[in-house]
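Scroll down for the structure; my scribbles are underneath it.
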Amino acid sequence: MNIILLGPPGAGKGTQAQRLQAEKGMVQLSTGDMLRAAVASGSELGKKAKDIMEKGELVPDSLMVGLIQDRIAQPDAAKGFILDGFPRTEAQAKALDEMLDKAGKKLDRVVEMEVDEKALTERIVGRFTCAKCGTGYHDKFKRPKVDGVCDVCGNREFTRRKDDNAETMKTRMAAYRAQTEPLLPYYKARGVLRKVDGMAAMDEVYRQISGVLLEA
């Protein structure tokens, strides 16, 4: 089963991909992780990527697709893969389809995690974590039982990500709408697009995604 998870930053794609990997044996493909691994391995693609990144340039689509091709050929990807964060544009989607076709593989499903932009922003902006053990909290939805004290380790110091703010979320959402939303009609025309409620509880989102996979 080969799938793509689509949705704006903060929609929970990474969380769902990790659970699918753990419970269904699929491999989560993060383009960032693949780039770092390729550079560390010293492979031909890795050397090319390293040269490009050291110059501060963007890694071309052809190289990213090549990295994905190498990764899905490995034995642990036999049960399928989950792409999260790629493709971002229609050109990347077409290049990915061409590569999979040549490799004798296909995309079974593209799952869009639908979100309410205002509610998602509230969800992201309110996040904070324990500085010691990393337990996550939220200003509105999950406050510590004792204000200012971590439920798990008793620590009194908390941190917030600098980019978890309304202005950054506005920029991210605008970029998502401009770049990635055009992928939706592309995959709809191919008959593989399905939608789930990305604002539901994590277990419910996973249940919906699992149901989509059973259809394939």
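Computed values, structure above
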read-out: Ellipsoid semi-axes in whole angstrom, largest first, where each is sqrt(5λ) of the Cα gyration tensor of the range 48-113; value: 22, 15, 11
read-out: Contact order normalised by residue count of the range 75-213, Cα under 8 Å, 6+ apart, percent; value: 31
read-out: Net charge contributed by nearby residues that have their C-beta within less than 14 Å of L184 (K/R +1, D/E -1); value: +3
read-out: Nearest-ten-degree value, helix 202-215 long axis tilted from longest Cα axis of the chain; value: 20
read-out: Fewest-first ranking of D108, D76, using other Cβ atoms within 10 Å as the exposure measure; value: D76, D108
read-out: Extension gain from K162 to A174, taking 0.36 nm per residue of separation minus the Cα-Cα distance; value: 2.4 nm
read-out: Calculated [θ] (222 nm, deg cm²/dmol) that DSSP helices of n ≥ 4 give over the chain, each run adding -39,500 (n - 2.57); value: -14500 deg cm²/dmol
read-out: Potential extension, A91-D147 segment - 0.36 nm per residue separation minus Cα distance; value: 15.3 nm
read-out: Residue order, fewest to most beta carbons within 10 Å, for L20, L120, L63; value: L63, L120, L20
read-out: Crossing angle, helix 13-24 versus the chain [Cα axis fit, 0-90 degrees, rounded to tens]; value: 70
read-out: For the chain, projected area of the alpha-carbon convex hull averaged over all directions, nm²; value: 13.4
read-out: Loop GluC sites (Glu not before Pro), the range 90-187, which have at most 14 other Cβ atoms in a 10 Å radius of their Cβ (DSSP); value: E157
read-out: Least to most buried among D139, D61, D84 (fewest other Cβ within 10 Å first); value: D139, D61, D84
read-out: Candidate aspartates and glutamates for bridging to K118, where Cα separation is under 19 Å - those fewer than 8 sequence places away on the same chain excluded; value: D139, D163, D164, E167, E181, D197
read-out: Nearest-20 debye value, the range 103-216 charge dipole, Cβ charges on Lys, Arg, Asp, Glu; value: 260
read-out: Crossing angle, helix 44-54 versus the chain [Cα axis fit, 0-90 degrees, rounded to tens]; value: 50
read-out: Largest-first principal axis extents of the Cα set of the range 26-143 (Å); value: 49, 34, 28
read-out: Mean-position separation - Cα centroids, the range 158-214 and the range 53-88, in angstrom; value: 20
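Since every read-out is calculated from the coordinates, none of them should be taken as a lab result. This one's a predicted model, so the numbers in the text were calculated from it and none came from an experiment. Please note: Cβ atoms are built from the backbone with ideal geometry, for glycine as well, and neighbour counts cover all protein chains shown.
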